[in-house]
1. Taking the range 144-160 only, how many residues are of a type in the set (A, V, I, L, M, F, W, C), open to solvent by 10 Å² or more (accessible area, probe 1.4 Å) and within 15 Å of Ile74 (Cβ to Cβ)?
2. So which residues in the range 189-232 are over 22 Å from the mean Cα position of the chain (by Cα) and not in a helix (DSSP H, G or I)?
3. Tally time: how many residues in the range 2-19 are open to solvent by 10 Å² or more (accessible area, probe 1.4 Å) and out of contact with any Pro (no Cβ under 9 Å at 6 or more places or on another chain)?
4. Within the range 158-188, how many residues turn out to be outside any loop (DSSP other than H, G, I, E, B) and touching an Asp or Glu at 6+ places or on another chain (Cβ under 6 Å)?
5. So, Ala25, is that one under 27 Å from Ala212 (Cα atoms), in contact with a strand residue (DSSP E or B) (Cβ under 8 Å, 6 or more places away or on another chain) and free of Cβ contacts under 8 Å to residues at least 40 places away in the same chain or not?
6. Checking the condition modelled with pLDDT of 95 or more, open to solvent by 20 Å² or more (accessible area, probe 1.4 Å) and under 17 Å from the mean Cα position of the chain (by Cα), which residue from Arg163, Arg179, Arg186 passes?
7. Considering (1) open to solvent by less than 50 Å² (accessible area, probe 1.4 Å); (2) touching a Phe, Trp or Tyr at 6+ places or on another chain (Cβ under 6 Å), say which one Asn73 fails and leave the rest.
8. One residue is enough: does the range 76-97 have a residue meeting the conditions open to solvent by less than 40 Å² (accessible area, probe 1.4 Å), more than 24 Å from Asp180 (Cα to Cα) and at pLDDT 95 or above?
Amino acid sequence: MCGRFVQSAEPETYAELFDVDRIVADRLPPSYNVAPTDPVYAVAEHDGERLLGSFRWGLIPFWAKDRRIAAKNINARSETAATKSTFRESFAKRRCLIPAEGFYEWQPRPKGKLPHYVYGVEQPLALAGLWATWRDPETDERVRSCSILTGAPNAKVRSIHDRMPVILPATAWSMWLDRDMQDPARAQALLRPADPEIMDVHPVSTLVNKVANNVPELIEPLTTGAVDQELG
C-alpha cells in the first residue's frame, strides 16, 4: 500500500512537468509527510483541458453517506479497481495523476518496521490515481477526493514491501487522463510495475511514523549504524 508520500514542489513545477493547461488548485504548503485525508495536488482532465487541482486524499464515492469513508480509500488495488463498486465509475471516467517526489514504505524487521523513502531520481513520480466528487448532504459542499492505485512492486521495492503505488511513464499520461477512453481493459493495460531505473530508495528515520512530523529531514538517508539504532 501507500500510506505516506512527499509533495514538496510548487504547483507551477507540477504544471510544467505534466503540461497542464491551467492551475485551479488551492496553493498547498510543501509536505514531506502527506497523510490520509490531507489535501494534495493531482492532474485531471475536464472539458478538454488538463488541469492541476487540489483534492482530498481518500476517495469518497458519490453515494457515500458521509466523508468518514475517505480514510479507508486512500489506496485502490489496481487488480480490482475496475470492478469494485467504490472505484468502478472513477476507473472508467475519472482517472488522475498524483505527483510525488517520493513515497514511504515500511520494511518488516525482527524488531519492528523500518521506513524507506522511494523517490524519483530525475523528476517527481506520476502516481496513477482515481478521483471523485461528493456532495456533503449536510452542508452542500462539493468535495473532490482521490485515491492512489497500488500494484505489484518492482525490483527496487520488492525486498521492502509486497505492494507499491503504480507509477505511470510519460508515454501513458495522455491515455490515462483521457475521459473519453472508458475501456477498462485498455486502462488496466497501463498499470504495470514501474521501471526501477527511474527511482532510488534508502532507509529513513522512524520520525516519519508520526503525522505531526513534517520536515525535510524525514527523507534524509540513515547511515548503517543509525539503521541498527532506529529499531533498538
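1. Within the range 144-160, residues that are of a type in the set (A, V, I, L, M, F, W, C), open to solvent by 10 Å² or more (accessible area, probe 1.4 Å) and within 15 Å of Ile74 (Cβ to Cβ) number 0.
2. Correct list: Leu222, Thr223, Leu231, Gly232.
3. 4
4. 1
5. So Ala25 fits the description; yes.
6. Just one listed residue meets the conditions, Arg163.
7. Of everything listed in (1) open to solvent by less than 50 Å² (accessible area, probe 1.4 Å); (2) touching a Phe, Trp or Tyr at 6+ places or on another chain (Cβ under 6 Å), Asn73 misses just condition (2).
8. No, the range 76-97 contains no residue that is open to solvent by less than 40 Å² (accessible area, probe 1.4 Å), more than 24 Å from Asp180 (Cα to Cα) and at pLDDT 95 or above.
The values are calculated or read from the model by the stated rules, or taken from the named source; none is laboratory data. These numbers come from a predicted model, not from an experiment. Note that we place each Cβ from the backbone using ideal geometry, even for glycine, and neighbour counts take in every protein chain shown. Ligands, DNA and RNA are stripped out before the accessible areas are found, and what is left, the full protein with its side chains, is counted by its heavy atoms. Shrake-Rupley method; radii C 1.70, N 1.55, O 1.52, S 1.80 Å.
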